[in-house]
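Working notes for the structure below.
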Amino acid sequence: KSADTKTLPLETIGEMYGIDGKKFRRQYKKSLSEFKNWTQKPHAEDWIIYPENCSEQLSLDEVALSEGELYTVLTSKTARGRKGSIVAIIKGTKSDEVIDKILKINRNLRLKVKEITLDMAGSMKLISKQCFPNAVKVIDRFHVQKLAIEAVQELRIKHRWEAIDKENEILKQAKDEKTKPEILIFENGDTRKQILARSRYLLYKSRDKWTESQCKRAKILFDEYPDLEKAYNLSDKLRKIYNQNILKSVAMLKLAHWFNDVETSGFKSFSILKNTITHHYNEILNYFENRSTNASAESFNAKIKNFRLQLRGVKDKPFFLFRLTKLFA
């Protein structure tokens with residue numbers, strides 16, 4: 001099967017042709033496939049490497065292969081999630097262990113890498129620096145934006161717990177006094193705790209993407225909680241900096257203004273985010289050179305998870321990785 005074709009479990013294919021599914025799977029693994037003679041089989045559970053897939057633009061990320069066990073995945077952007085995508089899959093995220101395996105790739109190939117996208121993990125940064133010294137490191141914009149969104153959601157959740165607690169008190173008091181509870185219902189039909197729960201998704205989006213009902217809900221929400229609107233505006237302003245097709249020098253100026261807004265806001269979460277951006281300042285600004293993201297790596301990780309789901313989990317990791325490389329290496 002090609003990487004773009006839906007993959008079926010071997011048991012299902014066997015049953016389609018009137019063959020015992022489990023027996024067919026065993027036969028495929030032992031005889032029909034090339035797994036028995038796979039050169040990377042002896043060390044597949046710990047690492048697999050395909051140096052020939054190394055290209056000028058790479059993505060570095062981590063993925064949970066099974067039972068939450070993390071693997072570091074190095075992929076080529078040139079392959080666009082198809083054959084030739086996998087450069088390396090290495091068990092664990094410890095920088096020294098991952099570096100040791102990636103250094104098995106010929107030095108000349110590694111020196112040709114011009115750009116590598118990654119997240120803000122210190123280990124990823126060290127791996128990139130040691131293994132690809134000529135590559136420009138670009139921190140993925142979505143990891144930065146995600147932290148800003150989480151800061152907004154943290155404030156929303158705090159207010160929601162307070163609203164739930166207040167409503168519980170009203171219900172208890174009404175029960176004790178044997179009266180009808182007086183719970184405030186807003187003009188759109190939401191109670192206070194409901195409007196805070198139902199505002200979750202609209203806070204992820206920019207205003208121009210809100211539906212009519214979300215606009216009404218947001219107006220009520222921000223009237224009741226001005227601090228939540230202030231936090232949302234900070235997150236939205238950061239998103240707009242990324243969305244503009246601007247030069248690196250202009251992005252520096254806009255980020256400086258955003259830093260100032262954060263300092264005057266008084267939000268601890270956003271202050272932590274500001275400090276985080278400062279620690280990774282150059283790598284974050286490198287995004288504005290070519291506007292490269294780690295989307296290809298995230299997409300590839302989604303394909304791995306989907307492949308794992310179709311196989312109903314991973315029982316034999318080397319065989320799973322062998323089948324994965326047939327599609328993507």
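The values are calculated or read from the model by the stated rules, or taken from the named source; none is laboratory data. Here the structure is a predicted model, which is why all the values come from computation and not from measurement. Methodologically, a virtual Cβ is constructed for each residue, glycine included, from the backbone with ideal geometry; neighbour enumeration extends over all protein chains shown. All accessible areas refer to the heavy atoms of the entire protein, side chains included, with ligands and DNA or RNA removed. Shrake-Rupley method; radii C 1.70, N 1.55, O 1.52, S 1.80 Å.
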Those trypsin sites (Lys or Arg not before Pro) from segment 83-122 that are DSSP loop and have at most 14 other Cβ neighbours within 10 Å turn out to be K94, K104, K112, K114
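Taking 22 Å as the cut-off for C-alpha to C-alpha distance, list the pairs among K146/K193; K36/K317; K209/K240; K83/K112; K112/K326; K146/K254 that go past it.
From the list (K146/K193; K36/K317; K209/K240; K83/K112; K112/K326; K146/K254), the Cα-Cα distance tops 22 Å for K146/K193; K112/K326.
If you rank W47, W258, W161 by how much accessible surface each has, with a 1.4 Å probe, what is the order from largest down?
W161, W47, W258
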Calculated FRET value between K209 and D96, using beta carbons and R₀ = 51 Å, to 0.05
0.70
Please compute the length gained on full extension between I157 and D236, using 0.36 nm multiplied by the number of residues separating them and subtracting their Cα-Cα distance.
26.6 nm
For the chain, count all C-alpha to C-alpha pairs, find those more than 34 Å apart, and express that count as a whole percent of the total.
43 percent
Can you give the FRET efficiency to the nearest 0.05 for A256 and K41, using r as the Cβ-Cβ distance and R₀ = 51 Å?
0.45
Fully extended, how many nm does the chain gain between K248 and D223 (0.36 nm per residue separation, minus their Cα-Cα distance)?
5.4 nm
Over segment 209-329, with every protein chain in place, what whole percent of the accessible area is carbon and sulfur at 1.4 Å, could you tell me?
52 percent
Quick one: ranking D61, D316, D176 by accessible area, 1.4 Å probe, largest first, what do you get?
D176, D316, D61
Helix-derived [θ] at 222 nm for the chain: sum -39500 (n - 2.57) over DSSP H runs of at least 4, divide by residue count, nearest 500?
-17000 deg cm²/dmol
Accessible-area ranking of M252, M16, largest first, probe 1.4 Å:
M16, M252
For segment 192-329, the per residue accessible area (1.4 Å probe, Å²) is 51 Å²
Carbon/sulfur accessible area of segment 126-174, % of total, 1.4 Å probe, equals 55 percent
Subtract the Cα-Cα distance of L70 and E56 from 0.36 nm times their separation in residues, and report this length gain in nm to one decimal.
2.5 nm
Select from Y201, I102, I284 the residue farthest towards the positive end of the dipole of the chain; place +1 on Cβ of Lys and Arg, -1 on Cβ of Asp and Glu, and compute about the Cα centre.
I102
Per residue, how much accessible surface does segment 79-181 expose to a 1.4 Å probe? Answer in Å², no decimals.
56 Å²
Charge dipole (debye, nearest 20) of segment 180-293; +1 at Cβ of Lys and Arg, -1 at Cβ of Asp and Glu:
260 debye
Dipole in debye (nearest 20) - segment 116-256, about Cα centre, beta carbon charges: Lys, Arg +1; Asp, Glu -1:
640 debye
